[in-house]
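Written out below as structure tokens is the structure these notes cover.
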Amino acid sequence: MTTAFSYEHVFRAPSVRTVLEAYFDPDHLATQDKVAELGERVMTENVDDDKVRTTTWTVTSLKPLPGYVKPFVTGGKLRYLETMTWRKADDAIDLIVAPQLAGGRVQIAAAYELAQVGEGQIRRRYSGNVSVGIPLLSGKVERGIIGEIEKGMPMMFACTQGWLERPR
């Protein structure tokens, strides 16, 4: 199965690049991880050239898992690989989140597309798909993941906006 999602926010920021760079900034990531109840974040890849920047992290969730998911998680803590690829010419980031769950049968594939929509206003469209290949549970797991994304969206937006407004 696959379930689509899409969210849109407008940040107050001086430029599209400022917002895009935030997604790779270790301080911003640490601030977001705290809000999202994520623990250890370890960078496993970082390639940056004039066309793209690709970074991959292994991330551990601190949140308790729903009972119906626990049998599919090794070690009781959800870990996942998060890969972001910034397509610099397109002002977009492709995001792949692959939870280490059910032998790789769960994935979130999304994109952040940014555009200047006014003086100091940057619109971010975050859209993608959640795919789960677990017979009889796919829809429930997909809805659960999208519910968590939706619940966290206002907090994550506020976190990023607050970080963008901090003096540097």
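Structure data summary
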{"item": "Estimated FRET transfer efficiency when R0 is 41 angstrom, pair Glu119-Glu45 (beta carbons, to 0.05)", "result": "0.65"}
{"item": "Local electrostatic count, Ile134, Cβ distance below 11 Å [Lys/Arg +1, Asp/Glu -1]", "result": "+1"}
{"item": "Degrees separating the helix 138-165 axis from the principal Cα axis of the chain, which is the longest one", "result": "30"}
{"item": "With Cα atoms, 0 to 90° folded angle of helix 26-35 axis to the chain main axis", "result": "50"}
{"item": "Cα-centred dipole magnitude for the chain, charges only on beta-carbon of K, R (+1) and D, E (-1), debye, nearest 20", "result": "500"}
{"item": "Ser6 paired with Val52, simple spin-label distance in nm, labels 7 Å along Cα-to-beta-carbon", "result": "2.4"}
{"item": "Entries in Lys51/Lys151; Lys51/Lys140; Lys63/Lys140; Lys34/Lys88 that, when Cα-Cα distance is taken, lie over 30 Å", "result": "Lys51/Lys151; Lys51/Lys140"}
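Here, each number is a calculation from the coordinates, and none is a lab measurement. Values in this document were obtained by computation on a predicted structure and should not be read as measured data. Glycine gets a Cβ as well: all are built from the backbone with ideal geometry, and neighbour counts include every protein chain shown.
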